Amino acid sequence: MSSFQTSPGTRDILPPHAGRWRAMVQVFADGVESAGYQNIIPPMFEDLGVFQRLGDATDVVTKEMYDFTDKGGRHIALRPEHTASVCRAFAQHRPTPPWKVWYSGPNFRYERPQAGRYRQFDQVGIEVLGVDDSQLDVEVIALGWDFYKAIGLRNVSLIVNSLGDAGDRGRYIEALGAYFKTHGATLSEQALATLERNPLRVLDSKRPQDAAAIAGAPTIGAFLSTDAAAHFAAVCAGLDSLGIPYEVNERLVRGLDYYQRTTFEFVSGSLDSAQNAVGGGGRYDGLVEDLGGPATPGIGFALGVDRTLLACDAEECFTFGFPVLDVFVIDTTGGSHALSITHQLRHNGFSADRAFEARSMKSQMKSADRSGAQVAVIIGETEAEESTCTVRNLSTSEQTTIPLTELQNHLTTVLGPRQPRRHTP
RNA sequence: GUGGGCGUAGCUCAGUUGGUUAGAGCGCUAGGUUGUGGUCCUAGAGGCCGGGGGUUCGAAUCCCCUCGUUCACCCCA
C-alpha cells in the first residue's frame, strides 16, 4: 500500500484505457468538426460568479462547487461544467454569431462519489450562440445522437421536452408549487425541502413515496406560449424528418436552472446504476445576458465521457486492440545496435521499440511478443560481426538474415511503405 | 451531507470456534532450452492483513475510532 493515492472521486486513467478514452474524444471531434464546430479550450477555473449564474436553486451551485480563495484574494471555483465558461467567453470576446464550438475536458463537483459519478469527470460537448432557429436544435440533438451511433452504442434513448419561455416557465413553476402545496401530505421530507427551493426539481425525485403526487402534477405542455409550442413542434418535426427516434417526457426538467424551451437527455438502457443519463442539454437563451453580454440565444449539450465508456463496457462496444508496433529490435550484444536501429526506423516512419538492460535473448523475445510488434529485428554476435540482421515474423515465426543495409527496403516490402517523420505540420 | 456493504501480494480472492513461520491463481523475474516469444515444467521476488487504540497468554480473525473504497439517497454527465 503506497503512502499516497488519488483523492476521493478522482482516478488515474491508465493505459490501455486512456488510449480508448482518447479515441472516443477523437470520434466526437471528427463528428462535430465535420459539422462546422471549432474547438474551444476555456480555463478550468473562473471567478465563482460565473458559475453562480447557473442558478442559486441548483445543487451544482449551492453545495457542489469546488471553490477556494486564491493568493490574490479572488474567490475562484473549478468549473462544474463548460456552458457557463463558453458564454462568459462569448460575452468577453464578442465573436461573430453564429458561434459554433466544441470542447472536451474535466469538470469538478464536490459530491460523494458513486457509480458513474466522480468529483473530476470529463465531458465532451458543443455550444452554439446567436441562433434562435428550431432547425439548429435539431442539428445539435442529431450530432449527439450520431456520436452514440458512431461509437456503436445501440441502447441509448432520447428524451425531449420544452420548458417554455421564461414567462411560461415562471407560470408553470407557480402552478406546480400551488399543486404540491395542496398535495404535500404525501410528499417526503426531502421533496418538501426541494419544493421550497425549486418546485420543478420535485419532479426529479426518485423516491417511491413521491411518485403518486408527481403523477398527478400539472404538466408543462398546457403552459407553453404559442411561440414556444410552435418552436417545440418544429423541433419534433425535424427529428421525425431525420428519422431520429425520441420520446417526449413532460417531467424532464434537468438540473441547471438556465434551461428554457428545448431540453433533452440521452439515457443509456444498459446502465443499471442510478446514473444512467449519458448526456443532456438544451436551450439557455438568457445566460449570455446574465453574464454581462448582449441578449443572445444559445443551445448545447454535454456528454459524460466516463458514463459513456461505462455504457460501452455494458454493451461490449468501442473495444480497442493493442496499439500495434511495427518492429521490436532485439540486441544481445549490449544494446548499441538497438539504439541506432530504432532511432533510424522511427525517423523513417516505422514504429519501433526495444528492450533495455541487456536482457537475455529469451527475455527480449518475450518483450517483443508482448509489445504486439509484427516483426522482430534480431542482432546477435553473428549479425553484429557480419553487419547483418535477422528479421523474424512474429506471427508466422519465419525468419531470414539480411545485410543491415537492406533492412529499410525489406521492412517496406514486408510491412508496406511508411511516411518519413516530419517535424513541421 | 445521510445510510448500507467492503478493505489480506501488482490484480482476483482463500484464510475454519482467535492458536506457531499468512496462502492460491493470474501477472512479474530467472532457469529448463549455452542466440529465439506465444504452450508446458521448476524456482524466485513480492505482504506494517488500510491506519490507530482496546480485549487477550496470543488478533488478519473480536470491540471502538479513523481513513479509504463501493452502492444508494440527494443531485447530476
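Just so it is clear, none of the values below were taken in a lab; they were calculated from the coordinates. Fair warning: this is a prediction, and the values are worked out from it, not measured in the lab. Positions of Cβ are generated from backbone atoms using ideal geometry, with glycine treated the same way; all protein chains shown enter the neighbour counts.
Here are the numbers for this structure:
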item: Cα shape, the range A:78-158, gyration tensor, a/c 1.5 rule; result: oblate
item: Neighbour cut-off at most 15 other Cβ (10 Å), DSSP loop, trypsin sites (Lys or Arg not before Pro), the range A:188-235; result: A:K206
item: Mean separation of Cα contacts under 8 Å, 6 or more apart, over the residue count of chain A: relative contact order %; result: 15 percent
item: Most to least packed among A:412-421, A:302-311, A:35-44 [average Cβ atoms within 10 Å]; result: A:302-311, A:35-44, A:412-421
item: Residue-by-residue Karplus 3J(HN,Hα) for the range A:311-317, coefficients 6.51, -1.76, 1.60, Hz, glycine and proline x; result: 5, 5, 4, 5, 9, 6, 10
item: Gained length - A:Q419 relative to A:D369, 0.36 nm times residue gap less alpha-carbon distance; result: 15.5 nm
item: Among A:P16, A:P199, A:P106: highest mean-square fluctuation, GNM of chain A, C-alpha pairs under 10 Å; result: A:P16
item: Chymotrypsin sites (Phe, Trp or Tyr not before Pro) restricted to DSSP loop in the range A:313-375 with at most 16 other C-beta within 10 Å; result: A:F320, A:F356
item: Structure-based [θ]222 nm, chain A - -39500 (n - 2.57) summed over DSSP H runs of at least 4, per residue, nearest 500; result: -11000 deg cm²/dmol
item: Whole-angstrom gap from the range A:1-27 to the range A:303-377, using each part's C-alpha centre; result: 20 Å
item: Antiparallel DSSP beta bridges within the range A:327-415, percent to nearest 5; result: 55 percent
item: Mean separation of Cα contacts under 8 Å, 6 or more apart, over the residue count of the range A:327-415: relative contact order %; result: 27 percent
item: Cβ-Cβ FRET estimate between A:E189 and A:D272, R0 fixed at 25 Å, reported to 0.05; result: 0.35
item: Tail weight of P(r) past 20 Å, computed on alpha-carbon pairs of the range A:327-415, percent; result: 23 percent
item: Where GluC sites (Glu not before Pro) fall in DSSP loop in the range A:340-400, at most 14 other Cβ within 10 Å; result: A:E357, A:E398
item: Residue with peak Gaussian network fluctuation, chain A [Cα springs, cutoff 10 Å], from A:Y179, A:Y258, A:Y103; result: A:Y179
item: Given A:K63/A:K149; A:K71/A:K100; A:K181/A:K206; A:K63/A:K100, the pairs whose alpha carbons are separated by over 28 Å; result: A:K63/A:K149; A:K71/A:K100; A:K63/A:K100
